[in-house]
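Values quoted throughout were computed directly from the atomic coordinates according to the rules given, and no laboratory measurement underlies them. Every value quoted in this text rests on a predicted model; they were computed, and no experiment measured them. Here the Cβ positions follow ideal geometry from the backbone for every residue, glycine too, while neighbour counts run over all protein chains shown.
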Amino acid sequence: MSIHWIFEYIDATSSSTALRESLYVFPIIEGLHVVSLALSVGLVIWFDLRLAGWVLKDQPVSAVFRPLRPFVLTGFAITVVTGSLLFWSLAMRCYGSPFFWAKALMLVLAGVNIAVYHLTIERRQAEWNAAPIPPRQARFAGLVALTLWVGIIAAGRMMAYFL
Amino acid sequence: MWDHLYPYFLWIENTRLGHGIRESKWTFTLAEVFHLLGITLFLGTILVLALRLFDLVLREKGVAETARELMPWSLSGLFLTLVTGTLLFTSEAVKCWGNVAFHYKALFLLLALPFQFTALRSVTRADRQGLPPIVRKLTALVAVLLWFGVAVFGRAIFFF
């Protein structure tokens, strides 16, 4: 069962066709996907910028992240659900788009970056939580995240343009 | 009113800049990419400031200090959005002229920009900290609604 077969299967489902051909649902989902970026990526970068040691240096890292978390999670819930629906409706066109694969790769890398951060340097957060400039490994995680968000948004926009 | 504006929109589209962007596929696409990056950065800062005015985030930091720290990022995002948006508009001004979503976007933008630099800026100033919370919250809410209105109608241009 190849990836091509799975994408073809998704593309041929009646739900995929209905979504693709819908007059109002598709534009609404696409609009929500784009506008929810402000809530998901637009907010989470403030945590990434703090990790990088660029902003809000007088605030502990936890004081930046904890209050933002519910809003960031809500934002990502909307972005991911609408993004998955868009993918579902256009699976075969995604398959043929290099930008889709670039975006998918960067999303995986973003997930790995977050997992590495949680499993390593975050474990010792109590030691550097209040430091204006976090340790090198935390700054690195912040910069990697910022770079990947820019790449993911750029690839997503290009993908939509050439579909 | 829009009928009277038609010659101006036609003139903008026929400028050398308009022609140039239309004929180079990559300029248009890259302008779209940086437009979206600018929007994400700018709307993100508006949301952080609104959440601060609602006392939901960064409560240990003063409103004026928070606004000052957000400012360079906010203005960079807005600048990037406005410059790329102008390029995109120039390349298809006539299409925008006849597009009802663009009409609403223009209206929201004409309201959001002055609101940003008068009302919102004034409630985040250090000497205005005595303002009742309801005034701060309402100002934040109106700013968010106006800017998200610009974004939603902007995205809708494509579908009309």
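General observations
- Residues of the range A:134-163 satisfying the condition of being within 11 Å of another protein chain (Cβ to nearest Cβ) and among the charged types (D, E, K, R): A:Arg157
- Condition check for B:Ser76: buried (at least 20 other Cβ atoms within 10 Å of the Cβ) and within 30 Å of A:Ala160 (Cβ to Cβ): no
- As a summary of the residue check, B:Asp55 satisfies the conditions (1) more than 18 Å from the chain's Cα centre (by Cα); (2) within 13 Å of chain A (Cβ to nearest Cβ); (3) in a helix (DSSP H, G or I) except for the one numbered (3).
- Verdict on B:Glu60 being without any contact (Cβ under 8 Å) to a residue 12 or more places away in the chain, within 29 Å of A:Val61 (Cβ to Cβ) and surrounded by fewer than 19 Cβ atoms within 10 Å (Cβ to Cβ): yes
- Output for the range B:59-90, where each listed residue is among the hydrophobic types (A, V, I, L, M, F, W, C) and either under 18 Å from B:Ala143 (Cα atoms) or more than 17 Å from the chain's Cα centre (by Cα) (or both): B:Val63, B:Ala64, B:Ala67, B:Leu70, B:Met71, B:Trp73, B:Leu75, B:Leu78, B:Phe79, B:Leu82
- Screening B:Val48, B:Val94, B:Val83 for residues that are part of a helix (DSSP H, G or I) and out of contact with any Leu (no Cβ under 7 Å at 6 or more places or on another chain) leaves exactly one candidate, B:Val83.
- Tabulated pairs, the range B:97-121, first under 18 Å from B:Val142 (Cβ atoms), second of a type in the set (Asp, Glu), C-beta under 6 angstrom, 6+ apart or interchain: none
- Residues of the range A:9-62 that are in a helix (DSSP H, G or I), at the interface with chain B (Cβ under 8 Å from one of its Cβ atoms) and of a type in the set (Asp, Glu): A:Glu30 alone.
- For B:Leu146, the test of being within 14 Å of another protein chain (Cβ to nearest Cβ), in a helix (DSSP H, G or I) and in contact with a His (Cβ under 9 Å, 6 or more places away or on another chain) is failed.
- Any chance A:Trp5 is away from chain B (no Cβ under 12 Å), assigned to a helix (DSSP H, G or I) and not acidic (Asp, Glu): yes
- Verdict on A:Phe99 being within 13 Å of chain B (Cβ to nearest Cβ), buried (at least 18 other Cβ atoms within 10 Å of the Cβ), more than 29 Å from A:Pro135 (Cα to Cα) and in contact with a helix residue (DSSP H, G or I) (Cβ under 7 Å, 6 or more places away or on another chain): yes
- Every residue from the range B:40-57 that is touching a residue at least 24 places away in the same chain (Cβ under 8 Å) and under 13 Å from A:Ile45 (Cβ atoms): B:Thr40, B:Leu41, B:Phe42, B:Leu43, B:Gly44, B:Thr45, B:Leu47
- Within the set A:Ile121, A:Ile133, the sole residue that is over 20 Å from the mean Cα position of the chain (by Cα), buried (at least 16 other Cβ atoms within 10 Å of the Cβ) and closer than 19 Å to A:Ser62 by Cβ turns out to be A:Ile121.
- 3 or more residues closer than 24 Å to B:Ala31 by Cα: qualifying helices (runs of 4 or more DSSP H) within the range A:77-163: A:98-119, A:136-162
- From the list B:His35, B:His4, the one residue that fits, being in a helix (DSSP H, G or I) and more than 10 Å from every other protein chain (Cβ to nearest Cβ), is B:His4.
- Failed item in (1) under 27 Å from B:Met1 (Cα atoms); (2) free of Cβ contacts under 8 Å to residues at least 40 places away in the same chain, with B:Asp127 passing the rest: (1)
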